[in-house]
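Notes follow once the structure below has been shown.
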Protein chains: 6
Amino acid sequence: MTELGVVYRNITRTESHLADQLAHFGSATVHEAMGRVGLLAPYMRPIYAGAQVSGTAVTVLLHPGDNWMMHVVAEQIRPGDIVVAALTSPNTDGFFGDLLATSFQSRGARALVIDAGVRDVKTLTEMRFPVWSKAISSKGTIKATLGSVNIPVVCAGALVHPGDVIVADDDGVVCVPRGVAEATLAAATQREANEGEKRAKLAAGVLGLDMYKMREPLAKAGLRYID
Amino acid sequence: MTELGVVYRNITRTESHLADQLAHFGSATVHEAMGRVGLLAPYMRPIYAGAQVSGTAVTVLLHPGDNWMMHVVAEQIRPGDIVVAALTSPNTDGFFGDLLATSFQSRGARALVIDAGVRDVKTLTEMRFPVWSKAISSKGTIKATLGSVNIPVVCAGALVHPGDVIVADDDGVVCVPRGVAEATLAAATQREANEGEKRAKLAAGVLGLDMYKMREPLAKAGLRYID
Amino acid sequence: MTELGVVYRNITRTESHLADQLAHFGSATVHEAMGRVGLLAPYMRPIYAGAQVSGTAVTVLLHPGDNWMMHVVAEQIRPGDIVVAALTSPNTDGFFGDLLATSFQSRGARALVIDAGVRDVKTLTEMRFPVWSKAISSKGTIKATLGSVNIPVVCAGALVHPGDVIVADDDGVVCVPRGVAEATLAAATQREANEGEKRAKLAAGVLGLDMYKMREPLAKAGLRYID
Amino acid sequence: MTELGVVYRNITRTESHLADQLAHFGSATVHEAMGRVGLLAPYMRPIYAGAQVSGTAVTVLLHPGDNWMMHVVAEQIRPGDIVVAALTSPNTDGFFGDLLATSFQSRGARALVIDAGVRDVKTLTEMRFPVWSKAISSKGTIKATLGSVNIPVVCAGALVHPGDVIVADDDGVVCVPRGVAEATLAAATQREANEGEKRAKLAAGVLGLDMYKMREPLAKAGLRYID
Amino acid sequence: MTELGVVYRNITRTESHLADQLAHFGSATVHEAMGRVGLLAPYMRPIYAGAQVSGTAVTVLLHPGDNWMMHVVAEQIRPGDIVVAALTSPNTDGFFGDLLATSFQSRGARALVIDAGVRDVKTLTEMRFPVWSKAISSKGTIKATLGSVNIPVVCAGALVHPGDVIVADDDGVVCVPRGVAEATLAAATQREANEGEKRAKLAAGVLGLDMYKMREPLAKAGLRYID
Amino acid sequence: MTELGVVYRNITRTESHLADQLAHFGSATVHEAMGRVGLLAPYMRPIYAGAQVSGTAVTVLLHPGDNWMMHVVAEQIRPGDIVVAALTSPNTDGFFGDLLATSFQSRGARALVIDAGVRDVKTLTEMRFPVWSKAISSKGTIKATLGSVNIPVVCAGALVHPGDVIVADDDGVVCVPRGVAEATLAAATQREANEGEKRAKLAAGVLGLDMYKMREPLAKAGLRYID
């Protein structure tokens, strides 16, 4: 059961060499490397284009309109972490702005992923502190109710455990469970190795139909060409 | 009751020194300074990033798919105004484009806030005429039905009276009623005065937990730390 | 009836001199020139700002979560085409990424218009391959079911026949049926001819109320001015 | 400005003979009688079909996920009132259930109109306590923050002052400002007087085209019939 | 191209024995019989449960907030028709109420399918005039702009030609093009013939896995059972 | 990580005496008894009103537009189970109809909870097989891709493990993890014990303000009454 009012201080983070390297591949390749699972809903959008990061998740569960726990989670951040904030019910208020970003950044956080709203996006962009959020909103929040820190959370439809790896870029956000980070890194590396050759062929005009040998299965499935 | 078919020519605008200064603080600070009220819904987004304006509201009520009153409101614009356009029922058509923007700009309008769609956004961006809207759409409109100008309107869920101050930036749009503009400016000034010091502390690694003295109330509320 | 499992190889494209020239006018003017019809829903957004294109439609009908037919349509692309992808039911998965874009671009495609999601948007932006889509999503797809290529499709609420002209820019996407492309080009040319003069007048402070002679019809409709 | 933390005890209610009679006409006729204004957004739906009520508004402004003020507003209810609950930001939690309904009903409330969620809808239906809401949700709320009672609120996009008349049925919810209640009742009565005759004609096969004499204006507008 | 301002008086309706019989099978079976195409978007919901109808489409294209053409289409209705109303841009206003329903019913219309809102739903339910709509709304409309009658329209994402068959029930609305009505009826009849036997087997505890011989293909696809 | 292509045959179900008794309390009370967590999103609605059930979860993960695994999960159903179906990406197709319902019912399933669409709702209602779904849609599905059975899934934003208890009624759906079912039952029983007395007091006109002793904390929070 989702516990409320607790902060887990000792979490097992994915080893940093794994967590760090996954950024390179981007969310789409990593998601494919995992077998096409682990993605957060596509309504999670970056506040500015071009950021591409990975890091270890510290999680926080918030109540609608209440960002008290954002201050609690700040203390649990270690360099290389990405804060993943989930809500107990849908809300678009601005839970996070430039002051919290300054605090998170000084603790070593690489990004925030939040299933709600954020504000001060112009300043966050200048600070180069990337955020993936559901909304941008000036709406302030109160500090009245306890949520939790470093419990498993469902963020934008995806289950995230503290210590998992988060990979985020312009395409979206993916969560790589700690237990499969190594295998995922290997699979992503292999996928990418093939991409250059494929790209060259396609650029030269070779069709995917031929490169992937799809003509036969398409015909078998009944595809008819009509002139 | 919402009157249809009327244009109020004489409205009492917030004094310009108040209306002008509020831009500096941005929508989030102003919204906080007012006690966390007055915000338009977060679906109102700027057509380009980086604009930050304030001005006095002239309002217009439109029918879905009909922009006739946009020409009527143009005449009521004075330098320093921001046009606030509300609709009688939800619609995303493009009520405003580069020609109307040229007219609005020549009358001294600083921006448009519209709970509907706009078009010609590339040209509007080049003109640096900022617009906050619900949608971007090429869909043209007709000129057939009377709405009203300078009556109180509900725009994106917020009540706006003609003459109120509108503050808009990348975070959203807030309406400051005329009667509280002075107090809001004072409160916003005070809020900002404290921000520099706070930011420096947070950047130096001081936690919000300590800076805001939250540890005791959190403990009182029952927060448990688990190692 | 919508046929499944067929590929029409011979389609009649709008003459290229018509298809090419329409880009210049942009989606809003073209849509007006057609009598305010033909627009795709405004949720279709460009993955990067500033692209403005036109071209002849090759169409593809896809099933949710299955991009097999994207490889089939690639073979049917000729230089100057724009691929229009419709779905049999709503879906936001990423049907298209940098490899397919490389293939499409090498075949001469100018753009993709897809009523679903795409990914690798950073790379697509670097390649300057413009896409108008409903979503951006890392979510991968399978290759299991037959759709069709070059049948009439309903894409984002608009009917598109293969060979029609697609015009797309920051304001949205419009479909110009082949049979009216010539008349639309003429009408758009004429509309634009008048715009410069209008813009100059409006910039000089002339009101639309006077320029368009609206005062009398507004009065007739009952508009009252209140001082 | 929207005041927070206040309860206005003395409000001027529309006279009960006006407030009571408007129910008879239903929301559509009343909305037309007012000149097609005053409607709440159509996402406000009744929790059961068939209820048709009117009454005087007592208003309450709530924060997301916090129903403390629902207990405060209960005390301000007088027989014949309808509670109108607005939120400071969008939220679908269940702010109201059978216990509050028992309390409201014992105070003489006729209905609840709430721009959020409610629960215990099976029991509410058995109690015949009608509710128009944005959502149905089991999600409970906290009691931590002050809103206000009997201030003007924007509920589902419509401005409601305490003491206004609310008319609600299966078609939706309309707010009749106190100052126009009498005129609206008169106009609604007149509208309905004509309906019986019209209905009889239409049932007999007379076309609206003829009954409303639309053929000439349609022809003037350019309608062409093609055989 | 979508023509505006025209009424086609002579349309070729699907033969009534075909149009009438399809109701029996319901929208799901008919949609399957057609090869899983032709469905309107699932946001189209009946105003009351239990109606199941089919009939020949007469189509009407409306502008947002304007129901003038509903009176024009009324004259084109023949017994056995179903009116299909599409919009030029999304809108939820109430375009249709009890008076128009009386008129439509007296002309022999069996139902209305409208990609917008309707009102007077309590009376429509008492009249047993079924409507499938996107919304229910008291919002009235104006009569100012020309649309068209009996042109091909895109309604809720589906292409409908005048004379096609519409099948609608609690599951949704499907459009059967005139040219495939006969084949669809035959296919639907055959599908249903098998259903009784299947249902009996499943009720007796036979698994679909066995009845449809799925175990082998599942194993081939790699399904693993873990104890 | 979410495994694809696996079926767990041996799951540990919550003891039936616990799973069975929770239905009595309904989703709102159970959700409160758990500390206000565990709810599925409120867009999950029953296909007919009045059903109130509880049972042990068997889970299935489906791909958009593909219901193959629904046949696989059928075999894993035991009397007293409720099938919980999650999707890998959002989709509203009709994954379930009367044939599958016959099979599920014959295996002893009490209900289906599915984050997608269903069809044949009239027949399902007649069979009294309750379903909570995101949509109703005639849209058929294919049988081409492997998902999984009895893995942990995120359904409508809530994490569900196989063997957990599902409680569903007109207010929504809540998941009670197996490990807290007993404590939740105890807490729910206690909550309900107090409700009768409270209801009697409120019905007699006692205010919640007094019954819950809220006047003092409200005053402390700063609530002002204005006459």
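Data overview
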item: Mean projected area in nm² (Cα convex hull; one quarter of hull surface) for the protein assembly as shown; result: 46.2
item: A versus C: buried accessible surface, summed, Å² (probe 1.4 Å, to nearest 100); result: 3100
item: Amide H contacts under 5 Å for residue E:111, placed H, 5+ residues apart; result: E:83
item: Estimated vicinal HN-Hα couplings, Hz - region C:208-221 in sequence order (Karplus 6.51, -1.76, 1.60; Gly, Pro = x); result: x, 3, 8, 4, 8, 6, 8, 4, 5, x, 5, 5, 4, 6
item: Residue mean of other protein chain beta carbons inside 10 Å, D:24-37; result: 5
item: Ascending list, in nanometres, of distances separating the residue C:189 label from those of the other copies (7 Å, Cα toward Cβ); result: 5.7, 6.1, 6.1, 6.5, 8.6
item: Region C:141-219, dipole about Cα centre (Lys/Arg Cβ +1, Asp/Glu Cβ -1), debye to the nearest 20; result: 100
item: MRE, 222 nm, helices only [DSSP H, n ≥ 4, -39500 (n - 2.57), over chain C, to nearest 500]; result: -9000 deg cm²/dmol
item: Calculated from backbone phi, Karplus (6.51, -1.76, 1.60) coupling profile of region D:44-57 in Hz, x at Gly/Pro; result: 7, 10, x, 6, 9, 7, x, 6, 9, 9, 9, x, 8, 7
item: Under-5 Å amide H pairs with residue B:34, H placed in peptide plane, nonlocal only; result: none
item: Under-5 Å amide H pairs with residue A:155, H placed in peptide plane, nonlocal only; result: A:160
item: Inter-copy separations for residue C:127, label at 7 Å along Cα-Cβ, nm, ascending; result: 3.6, 3.6, 4.6, 5.5, 6.0
item: Inter-copy label distances at residue A:216 (7 Å, Cα→Cβ; nm, one decimal); result: 2.0, 7.7, 7.8, 7.8, 8.3
item: Cβ-based net charge around residue F:199, under 12 Å, with every Lys or Arg adding one and every Asp or Glu removing one; result: -3
item: Local net charge near residue D:135, Cβ-Cβ under 12 Å (Lys/Arg +1, Asp/Glu -1); result: +2
item: Acute angle (nearest 10 degrees) that the helix F:98-107 long axis makes with the longest principal axis of chain F, alpha-carbon atoms; result: 80
item: For chain E: span of alpha carbons on each principal axis (Å, largest first); result: 67, 38, 37
item: Charged-residue dipole, Cβ positions (Lys, Arg, Asp, Glu), region A:54-206 about Cα centre, Debye nearest 20; result: 60
item: Coarse-grained scattering of region D:1-130 at q = 0.11, 0.14, 0.17 Å⁻¹, given as base-10 log I(q)/I(0) from a Debye sum over alpha-carbon atoms; result: -0.39, -0.65, -0.98
item: Residue D:197 paired with residue F:193, simple spin-label distance in nm, labels 7 Å along Cα-to-beta-carbon; result: 6.9
item: Evaluated at q = 0.13, 0.22 Å⁻¹: base-10 log I(q)/I(0), Debye formula over Cα of region D:126-173; result: -0.47, -1.18
item: Degrees between helix A:181-203 axis and first principal axis of chain A (Cα, 0 to 90, nearest 10); result: 40
item: Of D:213/E:122; B:201/C:122; D:139/F:220; D:134/F:139; B:139/D:220; E:143/F:122, those spanning more than 31 Å from alpha-carbon to alpha-carbon; result: B:201/C:122; E:143/F:122
item: Simple Cβ-charge dipole of the protein assembly as shown, Lys/Arg +1 and Asp/Glu -1, about Cα centre, in debye nearest 20; result: 0
item: Net charge over other residues, Cβ less than 12 angstrom from the Cβ of residue D:63 (K, R count +1; D, E count -1); result: -1
item: List E:170, C:210, ordered by accessible area with a 1.4 Å probe, largest first; result: C:210, E:170
item: For the F-to-E rotation axis, chain F residue with nearest beta carbon and its distance in angstrom; result: F:49, 6
item: Probe 1.4 Å, accessible area per residue of region D:1-48, Å²; result: 40
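The values are calculated or read from the model by the stated rules, or taken from the named source; none is laboratory data. Values in this document were obtained by computation on a predicted structure and should not be read as measured data. Don't worry about glycine lacking a Cβ; one is built from the backbone with ideal geometry, like all the others, and counts go over all protein chains shown. To get the accessible areas, we keep the full protein, side chains included, count just its heavy atoms, and leave off ligands, DNA and RNA. Shrake-Rupley method; radii C 1.70, N 1.55, O 1.52, S 1.80 Å.
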